[in-house]
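The next block holds one structure in the form of structure tokens; read it before the comments.
The values are calculated or read from the model by the stated rules, or taken from the named source; none is laboratory data. Keep in mind that this is a model prediction, so the values were computed, not measured. Here Cβ is always computed from backbone atoms with ideal geometry, including for glycine, and neighbour counts include all displayed protein chains.
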Amino acid sequence: MNRHVVAKVEDIQPGTRKIVTVKGREIGIFRVGDDFYGLINRCPHQGAPLCRGEIVSRLVAPSPGDYRLTRPGEMIRCPWHCWEFDIRTGQSLCDPNSVQARAFDVAVEPGRALVEGPFVAESVPVTVEETYVVVTL
């Protein structure tokens, strides 16, 4: 798997997100406390830009009239139809048994490790066939 540097830790404050593009895919990078999570910016329900939705708490109602907010800042609400997803896992709260937004692993690494490498340039096989130089991808 390829790793991609997408931001400095201080670029994403707790309770916020940054939407980045990696290999043509928009991914929302969320900071919940000191932890970071990644979700594809596409709602599995109908394709809305999920990560542009409101970051909310989870609403639980153990009994009628008994409403409580839990897990502050750990849910993302789809901007089109208000389906809610767990930022940590991508799990849908509307249909938890069959709907999930794709989640990506996100890690915080010291800059020194990224600067020192190891770096390996991608090589491409090249051959000569008769009078033509041919590159193989």
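Here Arg77 meets the list (1) surrounded by 13 or more Cβ atoms within 10 Å (Cβ to Cβ); (2) more than 14 Å from Cys51 (Cα to Cα); (3) modelled with pLDDT of 90 or more almost entirely, failing just condition (2). You will find that of Ile29, Ile40, the residue that is farther than 25 Å from Gly111 by Cβ and at pLDDT 90 or above is Ile40 and no other. In this structure, Gly28 does not qualify as assigned to a loop (DSSP other than H, G, I, E, B) and among the small types (Gly, Ala, Ser).
Pairs are defined by a Cβ separation below 8 Å, a sequence spacing of at least 6 or placement on different chains, a first member in the range 68-83 that is more than 18 Å from Phe36 (Cα to Cα), and a second member that is basic (Lys, Arg); the pairs so defined are Leu69/Arg58; Thr70/Arg58; Pro79/Arg52; Trp83/Arg77.
Please pick out the residue among Val60, Val22 that is closer than 22 Å to Ala107 by Cβ and modelled with pLDDT under 95. Please lay out each step first, then the result.
Values: Val60 fails: closer than 22 Å to Ala107 by Cβ.
Of the residues listed, the single one that is closer than 22 Å to Ala107 by Cβ and modelled with pLDDT under 95 is Val22.
Taken over the range 4-24, residues that are more than 21 Å from Met75 (Cα to Cα) and without any contact (Cβ under 8 Å) to a residue 60 or more places away in the chain amount to 9.
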